[in-house]
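All remarks here apply to the structure that follows.
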Amino acid sequence: MGQCGVTSSKTVLVFLNLLFWAAAGILCYAGAYVFITYDDYDHFFEDAYTLIPAVIIIAVGALLFVIGLVGCYATVRESYCGLTTFVVILLLVFMSEVAVVVLGYVYRAKIEDEVNSSIIEVYEKYNGTNSNSQSRAIDYAQRQLQCCGIHNYTDWLKTRWYEETKNNSVPISCCKTTVPGCTGSLTHPEDLFQEGCEALVVKKLKEIMMYVIWTALTFAALQMMGMLCACLVLCHRSKDPAYELLLAGGTQA
């Protein structure tokens, strides 16, 4: 019965190591996605430390490639040293992912304050040219999130860009995609996105952070299962001398 349990644990362990290789790719993708999205909204969120969870999760993804190789070799060869190393590395990775979850929740709570304190300044620096980074950021956010202004499109009336252009309009990026020929004119406010960008930027950034948190939690659970299976095999070997002799005889044969 014990041997059956060990065999099952080894089978599960090999399968988990294959999953670790797949997980490595997914974790690296998740981290890269956060970097790319942060670059699109970095003017609204100035705290670069928010990228720490993404950095950790990419490092963990790269390490999982190595873990998969070590785990498969140690499981197939039933190497005590290899399995011990495998468990220790998995424990370190598990602790790293717990850190990702904690940091993710900490920075997720700070997102709203960060956006609220920076978004007015970003809108004030808008000049409507593609060479201006603030202008590109605002136009991108308004098109992607389908929003206009900070709280609504009337916020544009208070900006320096509106005062300088004097054409009673908002940027074309405020125009609904379903309205052809929209010029952003305030004489047709029904053609404009009605929701403000501040709340949607906060929502988007919080969704990204939750994506990182759930990714880390999912693979932390897989790693916990891997550690349990490896420990079961290690415990059986340490308590069953006959099993060691059987392995030695099979190797000589």
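Since every read-out is calculated from the coordinates, none of them should be taken as a lab result. Small disclaimer: the values here were computed from a predicted structure and weren't measured. Cβ sites come from the backbone with ideal geometry, for glycine too, and all protein chains shown count toward neighbours.
Based on the mean of other beta carbon atoms within 10 Å per residue, what is the order of 66-72, 158-164, most packed first?
66-72, 158-164
Once both labels are modelled 7 Å past Cα along the beta-carbon direction, what's the Tyr29-Thr183 spacing in nm?
So the label points at Tyr29 and Thr183 sit 4.5 nm apart.
Can you list the residues, at least 5 places off or on another chain, whose amide H is less than 5 Å from the amide H of Ser169, using H built in the peptide plane?
Close amide H contacts, sequence-distant or interchain: Leu186.
Holding the Cα-Cα limit at 29 Å, pick out from Lys158/Lys204; Lys176/Lys204; Lys125/Lys206; Lys110/Lys176 the pairs that are longer than that. Working shown, then result.
Numbers: Lys158/Lys204 25 Å; Lys176/Lys204 19 Å; Lys125/Lys206 25 Å; Lys110/Lys176 31 Å.
With Cα atoms farther than 29 Å apart: Lys110/Lys176.
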